[in-house]
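Any read-out appearing in this document is the output of simple, stated calculations on the displayed coordinates, not a laboratory observation. Because the structure is predicted, anything quoted here is derived from the model rather than measured. Ideal geometry is used to build each Cβ from the backbone, glycine not excepted, and the neighbour counts take in all protein chains shown.
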Amino acid sequence: MKAKVFHIKDMKFLGISNNHSIVLDDGKDAMAPMQALLVAMATCSAMDVWNIMKKKRQKLEDLEIEIEGERADKYPKIFTKIKITYVFKGEVEEKACKDAIELSLRKYCSIANMLNKSAEIEYEFIMK
């Protein structure tokens, strides 16, 4: 996997990998890198959970994830705590939801498994 970053202007940068791009800055006009990391973690887990729920033959209609991170006060200001809330919509079983989340966060999601070395990761889920 490779990526390249180009300076646009001021604190704005363009990242490109495999012909896909993202613009990041200091959070003024675009996502800051740490915000993008939270979005990436939520997306990584969402993809896992979606696939696991489908394999479990759950009637999942929609999945939303809210993610919030707390950072250390001192540099490098790493995440120290991350809370994820999964919102399942459809005819799903509670155990299937819990199992899918656990598998994602403990086994499959690369980003969660990197971040859990420095941050406490907790989750909750809601079934609608």
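Relative to the dominant Cα principal axis of the chain, helix 33-55 is inclined by about 20°.
What is the distance in Å between the Cα centres of segment 1-64 and segment 113-128? Result: 17 Å between the Cα centres. Put in line by how crowded their Cβ is, counting other Cβ atoms within 10 Å and starting with the fewest, LEU60, LEU105 read LEU60, LEU105. Note on ARG57 and GLU102: their simple-model spin labels are 2.2 nm apart, each label 7 Å out from Cα toward Cβ.
For segment 14-59, run through the trypsin sites (Lys or Arg not before Pro) and keep only the ones in DSSP coil with at most 14 other Cβ atoms within 10 Å of their Cβ.
When the trypsin sites (Lys or Arg not before Pro) of segment 14-59 are filtered for loop state and at most 14 Cβ neighbours within 10 Å, LYS28, ARG57 remain.
In order along segment 87-96, the Karplus-derived 3J(HN,Hα) couplings, from 6.51 cos²θ - 1.76 cosθ + 1.60 at θ = phi - 60°, round to 10, 9, 10, x, 8, 10, 8, 4, 4, 5 Hz, and Gly and Pro are given as x. Rounded to the nearest 500, the helix-only mean residue ellipticity at 222 nm of the chain stands at -9500 deg cm²/dmol, with each DSSP H run of n ≥ 4 adding -39,500 (n - 2.57). For the pair SER110 and SER21, a Förster radius of 22 Å applied to the C-beta separation gives a FRET efficiency near 0.55, rounded to the nearest 0.05. Each of PHE6 and MET31 was given a label point 7 Å from its Cα along the Cα-to-Cβ line. The distance between the two points is 2.1 nm.
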